[in-house]
Every structure is written in structure tokens, then in C-alpha cells.
Amino acid sequence: MTIIPLPAFRDNYIWLLRAGTCAVVVDPGEAAPVLRYLADEGLTLAAILITHHHPDHVGGVAELLAQAPVPVHGPALEAIAGIDHPVGEGDVVCLPGLGVELRVFDIPGHTAGHVGYYGDSALFCGDTLFAAGCGRLFEGTPAQMFDSLQKLAALPGDTRVYCTHEYTLSNLAFAAAVEPANGAISERIAASEAMRAANQPTVPFPLSGEMLTNPFLRVHEPAVIYQAETQAGRGLASPVEVFAALREWKNRF
Ligand code: ZN
Ligand code: FE
């Protein structure tokens, strides 16, 4: 199985999984780039996976279904037109054409019913975990997002993370503000700048690197706690409070 990024809108990636002549797309916010790629490569769409209900993730579903009626897997807890295979925590999505099975995680926070898919060392996590960052809390609480990120962080370090936005450089600028002395962050900035200069996506990325550079996964670090408390102007009693203060700060960064 190969996984291809199809750029969409300003900074979205629609992920296309392919093997033989079979293709599956994750979060098709628009149909045009998917239909073009399928036609160019002679592929047949076999299924659609959805992580959450935002238009930049589901906007292309109706048009894709009009071309070919395929199973649509998506969060059971969100009302999304076209989903005929609602999924939630612990479910397994079989993609026979690709020879892969994906485990479903409930990862609420960005939205209330957000799910992620994990299999074959690949994680499709929508707008929950980003490179060096995390999604905004539109519907969930800081505690929910914190738990969701911890759940993802517990996956094997060699997991490759396929998030849906190219936010890496702006996230790293924030990470550097949180931890100015963290050398892993400055190294990642240099590497990511080189990739963007060469027009390459910075996604996917290995989960192991997040532990070293993502402030939202580093809420136990004294340096991170110190900066979060300084920004909040008060002591923070728990990792969730540190997380919430970081997320607040990032919103106005
Ligand atoms: Zn979203
Ligand atoms: Fe999005």
C-alpha cells in the first residue's frame, strides 16, 4: 500500500491509499483533486474514510458518491451526509482491496465525535494531532483533547502520522516560543523549512519526534510548565491545566 497526499484548498491534504488499482481516500474536502488523480492513475475508488464533520474534510463526499457509490466510514457521533458505516472506538475498518485493517479511535476535542484510524504503522488523525501542534478546541474540552492526544501518543514511536493540514512551520514557531532552548525544535524548523522550500509536504512525520518537539505532548516538562504558567499568570496544578493554558496561548499567538 502506498499513501499519496492530494493537496486541497490552501493547506489541506486529502490522503489517498492505493494498492493495485484500488484506492481509498481520507477526508476528501473536495472531489476534484481525487477524481483527477483516480483518472490519471487508472484507479478505482473503493471506500471513503472521514475523521470529522468540518466542510474541509467532507465537502467532496457527495460528488465522489455521485461518481461511484462506495462505503463511507465515519464518526458515529457526528451527523455527516453519506456515512453508511458509522464507526467508533474499538471498531476495525477492513479495506480488502488494500490488504489493510484500520483500528478506530475516538479522539474528541477538535470536534465532539472526531475519530482517528490506525493500521500498518499509519495514523490518520484529521485535525487532532498536527506536526508540533494540535487542533483547536471547537467542540471539546481541554481534558478531552488532552486525553485524545495521550491516546495517540501511546501508539508505537515508528507510527507515521498523516494529519490533514500543513501547519508545521507555524506550529514550530509556537513550539520555539514555548521552549526557546529546545534544540530538537530548532532542528525540526530547519528540516521543515528545507522541505517546504523544496515544495515537499512535512506530513507524514514519525510519532517519536512529537515527544521531543510538540509542546502539547510535553506538558510534564518543567520548561513547558514554566512558560505556560508565565503566560497564564498563575500556577497550573495539573497537566490538563498546562495543556489548556498552552492551547489558549496558541489561539492568540
Ligand atoms: Zn477540522
Ligand atoms: Fe480541517
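With contributions of -39500 (n - 2.57) from each DSSP H run of at least four residues, the per-residue ellipticity at 222 nm computed over the chain stands at -10500 deg cm²/dmol.
Only Lys, Arg, Asp and Glu carry charge here, each on its Cβ (+1 for the first two, -1 for the last two); on that basis the chain has a dipole of about 400 debye about its Cα centre.
Of GLY209, GLY119, GLY233, which is the most mobile in a GNM of the chain whose springs link Cα atoms less than 10 angstrom apart? Between GLY209, GLY119, GLY233, it is GLY233 that shows the largest mean-square fluctuation. The residues packed around VAL34, meaning those with a beta-carbon under 12 Å from its beta-carbon, carry a net charge of -3 if Lys and Arg are +1 and Asp and Glu are -1. Relative contact order, whole percent, for the chain stands at 13, derived from Cα pairs under 8 Å and 6 or more residues apart.
Note on the chain: Cα-only Rg and Dmax are 18.1, 58 Å.
Between GLY126, GLY60, GLY42, the GNM of the chain built on Cα springs shorter than 10 angstrom shows GLY42 fluctuating the most.
Per residue, region 2-251 exposes 40 Å² of accessible surface when a 1.4 Å probe is rolled over the protein heavy atoms with every protein chain present.
For the chain, the antiparallel share of DSSP beta bridges with both residues in that region comes to about 65%.
Given a 1.4 angstrom probe, I'd like the percentage of the accessible area of region 75-136 that is carbon and sulfur, rounded to a whole number. The value for region 75-136 is 51 percent carbon and sulfur by accessible area.
The values are calculated or read from the model by the stated rules, or taken from the named source; none is laboratory data. The model shown is predicted, which means the values in this text are computed figures rather than measured ones. Positions of Cβ are backbone-derived with ideal geometry, glycine not excepted, and every protein chain shown enters the neighbour counts. Note: areas computed on protein heavy atoms with side chains; ligands, DNA, RNA excluded. Shrake-Rupley method; radii C 1.70, N 1.55, O 1.52, S 1.80 Å.
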